[in-house]
């Protein structure tokens, strides 16, 4: 069965959080560090001490959670976390990429949904018993987390997430909101949080800067292009076409790759419901169709016809201009968070093949 994931990527509802900082942090002894893309991350530094404030990337008007990280505990600060951590548990596969990129995959002792991981280092650690699965019967096993007793538990917050039981046992819980960032570089910049935790803040800055430079260099290659092919994304369910808004993560990639997103009139970053007949007016004659799917079998043009034979009338189908990321074959929900430059190159090679001739895509490829 084909699982259409692109609308899911942008359709998350927002989250339940605690510890809302109501006052603006002001301390002349702390220097505010530069964050260029990650809307949900703010960092201040004083010597070996860091103040980190986590915000909702899609509504930065209010803080969500704040932390102090230091090489020694700060008196009278219950939100103080000692760094560098020696062990960490993670409840998202995307977080693995941050630690792995810093050369610190070895300190990850617990993960969720290990069966979905593709990172080779973590797969080896699980096989060797060095990293354990924290999911039991499809849900987070709090007892496993408590028995593991990691120095930090990095989590994403969604729906009714409640990690207070873990915090009450003295395990620091650190919120990571990268999945709500709307720009690819914004998601990658959250490596700076992992850098603080592991004592590798400078290395994290350097790694991110290199990724940013490669991304921007690629972007300049298409800025002078005479063409801007139209691109649509999303999927149909019943009589509704679900498509991400103009400020979404995928729309950012399309624009930066020199494409024109056909649903650019849709506000925000979330998923929109469009009457299928209305959507057809925008997508039938679009130049390209991009999608994210997950299936074990090869995804082909025949696969698209099996979804709906009417898709065969689309211009993108007739011109063989359909590209796909099969998340069952590539680590789109893992390592890709730290490879926005690679995904951008994939898309540029598809939308502007003359710019990157002979390029072979890693995540997105044309459907054969």
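Worth a mention:
- Within the range 32-52, the set of residues being surrounded by fewer than 18 Cβ atoms within 10 Å (Cβ to Cβ) and closer than 14 Å to residue 205 by Cβ comprises 33, 34, 35, 36, 45.
- Output for the range 238-252, where each listed residue is in a loop (DSSP other than H, G, I, E, B) and within 20 Å of the chain's Cα centre (by Cα): 245, 246, 247, 248
- Residue in the range 267-293 that is surrounded by the fewest Cβ atoms within 10 Å (Cβ to Cβ), counting only those that are in contact with a helix residue (DSSP H, G or I) (Cβ under 6 Å, 6 or more places away or on another chain) and not in a loop (DSSP other than H, G, I, E, B): 271
- The residues in the range 105-148 that are touching a residue at least 40 places away in the same chain (Cβ under 8 Å) and either crowded, with 21+ Cβ neighbours inside 10 Å or within 18 Å of residue 173 (Cβ to Cβ) (or both) can be counted, and the count is 8.
- Residue under evaluation residue 83, criteria (1) free of Cβ contacts under 8 Å to residues at least 12 places away in the same chain; (2) surrounded by 17 or more Cβ atoms within 10 Å (Cβ to Cβ), criterion not met: (1)
- Residues located in the range 294-320, provided they are surrounded by 21 or more Cβ atoms within 10 Å (Cβ to Cβ) and not in a helix (DSSP H, G or I): 299
- Among the residues making up the range 323-368, those that are within 16 Å of residue 251 (Cα to Cα) and assigned to a strand (DSSP E or B) are 323, 324, 325.
- Number of the condition not met by residue 127 [criteria: (1) touching a strand residue (DSSP E or B) at 6+ places or on another chain (Cβ under 9 Å); (2) at pLDDT 95 or above]: (1)
- Only one of 35, 83 that is closer than 30 Å to residue 133 by Cβ and modelled with pLDDT of 95 or more: 83
The values are calculated or read from the model by the stated rules, or taken from the named source; none is laboratory data. Being a predicted model, the structure only gives us computed values, none of them experimental. Reconstructed Cβ throughout: ideal geometry from the backbone, glycine too, with neighbour counts over all protein chains shown.
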